[in-house]
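For reference, the structure is listed below as structure tokens.
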């Protein structure tokens with residue numbers, strides 16, 4: 001390097017880059033070739049249909065499938081919840097050594113985020129529904145760990161909520 005030239009110093013990451021990293025917002029490689037992910041997608045409607053037929057569900061959104069509330073429950077809520085619980089909470093727990101400990105394929109970070117996720121559902125749902133939320137929450141967290149991204153849990157959560165609402169509407173229950 002000669003005396004007159006300046007070596008460029010690396011730029012610190014911008015705000016968007018820090019947000020993407022903090023929330024684990026990256027496109028997982030081979031997502032649609034992941035057989036477990038495809039299986040998780042495939043079971044959404046049958047499970048939702050079974051739940052809608054045999055359990056007393058929360059009230060269906062007034063206005064039906066094209067209402068603002070339906071769109072919020074299918075699009076906005078899953079996005080916000082996954083960014084918060086799988087992005088921030090599970091991500092923070094994964095940075096703690098104990099958080100990466102796994103049993104039966106599920107990390108401690110996943111279990112902690114799933115329990116907090118279920119507890120948060122107590123605000124709007126009966127206790128049995130909030131307890132049942134632990135199962136899909138563990139599935140969402142499993143794929144967050146597997147892919148290192150919140151994209152797959154967001155996609156699953158959107159599909160699970162949509163299938164639940166469509167199945168519930170299809171049972172004729174109100």
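So how many residues does region 56-77 have that are in a loop (DSSP other than H, G, I, E, B), at pLDDT 65 or above and surrounded by 12 or more Cβ atoms within 10 Å (Cβ to Cβ)? Break it down stepwise before answering.
First pass over region 56-77, keeping only residues in a loop (DSSP other than H, G, I, E, B): 56-63, 67.
Restricting the remaining residues to those that are at pLDDT 65 or above gives 56, 67.
This time we only want the ones that are surrounded by 12 or more Cβ atoms within 10 Å (Cβ to Cβ), so: 67.
Residues in region 56-77 being in a loop (DSSP other than H, G, I, E, B), at pLDDT 65 or above and surrounded by 12 or more Cβ atoms within 10 Å (Cβ to Cβ): 1 in total.
Would you confirm whether any residue within region 82-97 is exposed (fewer than 14 other Cβ atoms within 10 Å of the Cβ) and touching a helix residue (DSSP H, G or I) at 6+ places or on another chain (Cβ under 6 Å)? Walk me through how you get there before you give the answer.
The first filter runs over region 82-97 and keeps only residues exposed (fewer than 14 other Cβ atoms within 10 Å of the Cβ), leaving 95-97.
Going one step further and asking which of them are touching a helix residue (DSSP H, G or I) at 6+ places or on another chain (Cβ under 6 Å), we end up with none.
No; the residues of region 82-97 include none that is exposed (fewer than 14 other Cβ atoms within 10 Å of the Cβ) and touching a helix residue (DSSP H, G or I) at 6+ places or on another chain (Cβ under 6 Å).
Filter region 90-141 for residues that are assigned to a helix (DSSP H, G or I) and in contact (Cβ under 8 Å) with a residue 60 or more places away in the chain; which is farthest from residue 157 (Cα to Cα)? It would help to see each step written out before you state the result.
Just the residues of region 90-141 that are assigned to a helix (DSSP H, G or I), to begin with: 90-94, 97-100, 108-121, 127-132, 134-141.
Filter once more, so that each one left must be in contact (Cβ under 8 Å) with a residue 60 or more places away in the chain: 91, 128-129, 132, 139.
Details: 91: 17, 128: 19, 129: 16, 132: 14, 139: 10 Å.
Filtering first and then ranking leaves 128.
Which one of the conditions (1) modelled with pLDDT of 85 or more; (2) under 25 Å from residue 120 (Cα atoms) does residue 35 fail to meet, given that it meets all the rest?
Here residue 35 meets the rest and fails (2).
Of all residues being at pLDDT 95 or above and over 21 Å from residue 77 (Cβ atoms) in region 105-124, which is surrounded by the most Cβ atoms within 10 Å (Cβ to Cβ)? Just the residue, please. Don't jump to the end; show me each part of the working.
Here is the first cut: in region 105-124, the residues at pLDDT 95 or above are 106-120.
Those left that are additionally over 21 Å from residue 77 (Cβ atoms): 106-109, 111.
Values: 106: 16, 107: 21, 108: 18, 109: 25, 111: 20.
Checking each candidate, the answer is 109.
Looking at region 133-170, which of its residues are surrounded by fewer than 19 Cβ atoms within 10 Å (Cβ to Cβ), more than 16 Å from residue 81 (Cα to Cα) and modelled with pLDDT of 90 or more?
Selection gives 146, 148.
Since residue 149 meets every condition but one in (1) within 17 Å of the chain's Cα centre (by Cα); (2) closer than 26 Å to residue 53 by Cβ; (3) not in a helix (DSSP H, G or I), which condition does it not meet?
Looking at each condition in turn, residue 149 falls short on (2).
The values are calculated or read from the model by the stated rules, or taken from the named source; none is laboratory data. A quick note: this is a predicted structure, and the numbers were derived from the prediction, not measured. Counting neighbours? That spans all protein chains shown, and the Cβs are built from the backbone with ideal geometry, glycine included.
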